[in-house]
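The values are calculated or read from the model by the stated rules, or taken from the named source; none is laboratory data. Everything numeric here is computed off the predicted structure, so don't read it as measured data. A quick note on method: Cβ atoms are made from the backbone with ideal geometry, for glycine too, and the neighbour counts reach across all protein chains shown. The area values use the complete protein model at the heavy-atom level, side chains included, leaving out ligands, DNA and RNA. Shrake-Rupley method; radii C 1.70, N 1.55, O 1.52, S 1.80 Å.
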Amino acid sequence: MRVVRFPARPTRVSDDVRAALTSLGRGDAVAGGIALLGVTPPETGVDVDAMLILPTGVLVVVGVDLPDPALTLSAPLDGVWVADGWPLVQPDETADAGGPRGSPNPATAALAAAGQVADRIHGIDPAIGVGVVIAVGPYVERVEQPASDAAGPVRVVYPSATSMLAATKTLPVSARTMTTGQARAVFRGLAPAAAEFDETALTAEGFSTDTAGTTPVAPPPAGAVPSPRLQTRVISAMAALLVVTAVLATILAVSSGDTPTPAARLSENSANPTVPTDGMTADGMEFTLVARDHSRTCTAEHAVGDLRPYVTERGCTDLRRGSFKATLDGRSVAVSVGEVTFGDASAAEEFLALADTPGTGVLTDAATQHGKWPAPAPTFAGAAYASARDGATVRLVLADGPGSAAPTDATYQRRAASAALTLPLE
């Protein structure tokens, strides 16, 4: 199973879902298919912990966070959930203000979200079977479902590699194995800005090869971008990202067809500049600081995806992050900048090559992690990406329209990303 990471982490159990699916490995020997982690399908407005596009159909994984770990969870789809003998009541927004408590069955909201996604999938291809996994955490040793529920297309599980694999075997099976053309159509419809997989990669994951007369490959939806290509060591690209908990997650950098704006290399004295709190200008754009932090070491909270083990195992000598609001002509974008310094230039070059590879991760956003963005906080879905290296120092940038703003065009976001390569971070 190939894993495509986006930044959204709708629930705390998202991390367990990601770990379980990543452990299955590529190819169809175990499960096959493509896992979209933290994706927000167009026209749904729903952040989904994971969607598994399998040769047999699509499995929608929706997370539910429990108040505490449990040895036994009784989880009927239409009744009260009970954890270790105690009825489970989920708080709602009014509870903190002394209002009534929320639903005693968190499956209600989870199934409603999954239903919206299923409608989107059937709008792409009504012949595709859709199943649902409700992933519960932080940890549950045993989940009990009524026999009538277990006979249907919905499973409630603690997301381990074993349970997720078992759930794929209970998916409502489509009339025939999904072809590579159907897989591309579903992939584009659920994650239109993401990189595509070629025929070889899809057949390796168990999808059947298209032949004459089979379902044609649908044209990309409006707004989709071309397949990725690295454009020198500095990339300015529209990105489809992995979702947000307390940290920003992983990016799929997808290059635009335009020639990227040349980005200035980091200056040798950029390690200790001062960040003005009342704004600064770069490439004609005004940047206002939202949050920043500085660390002499790299820890797991500072990166996601494949970049996390790189910075934690290899180590770094300095890490600076800054979050900015960039404005020009009345339009604004949220900008996340991360700058990491390694012990030598070769480690930095290797890190940059990894970061520039689609789907491998990003440095986490400071304002997202520390809760500094004004509501609604940006998700960095569909962000532009830029990167640069100067010796042992690498800078990565994301630029995206904040949730409260109207959509901005790709050129504007790319300009903000490239301009932010020169911003001081401290």
Exercise for review: Give segment 311-324 a look and list any residue that's within 30 Å of R2 (Cα to Cα), in contact (Cβ under 8 Å) with a residue 12 or more places away in the chain and either touching a Ser or Thr at 6+ places or on another chain (Cβ under 7 Å) or open to solvent by 20 Å² or more (accessible area, probe 1.4 Å) (or both), or say none.
Suggested key: T312, R314, G315, C316
Revision key, fill the gap. A careful count of residues in segment 378-395 that are touching a strand residue (DSSP E or B) at 6+ places or on another chain (Cβ under 8 Å) and open to solvent by 10 Å² or more (accessible area, probe 1.4 Å) gives 6
Practice item. Scan segment 12-49 for residues that are without any contact (Cβ under 8 Å) to a residue 60 or more places away in the chain and either in contact with a strand residue (DSSP E or B) (Cβ under 8 Å, 6 or more places away or on another chain) or hydroxyl-bearing (S, T, Y) (or both) and jot them down. Key: R18, T22, A35
Exercise for review: Looking only at segment 1-56, count how many residues are open to solvent by 30 Å² or more (accessible area, probe 1.4 Å), among the small types (G, A, S) and over 19 Å from L165 (Cα atoms).
Suggested key: 1
Review point. Do you know which residues across segment 293-310 are assigned to a strand (DSSP E or B) and either at pLDDT below 90 or open to solvent by less than 30 Å² (accessible area, probe 1.4 Å) (or both)?
Key: S295, A303
Review point. Just checking, which of T341, T327, T408 is modelled with pLDDT of 90 or more, out of contact with any Pro (no Cβ under 7 Å at 6 or more places or on another chain), surrounded by fewer than 22 Cβ atoms within 10 Å (Cβ to Cβ) and of a type in the set (S, T, N, Q)?
Key: T341
Study note, to complete from the structure: The one condition G401 fails out of (1) at pLDDT below 80; (2) open to solvent by less than 10 Å² (accessible area, probe 1.4 Å); (3) in contact with a Phe, Trp or Tyr (Cβ under 9 Å, 6 or more places away or on another chain) is (2)
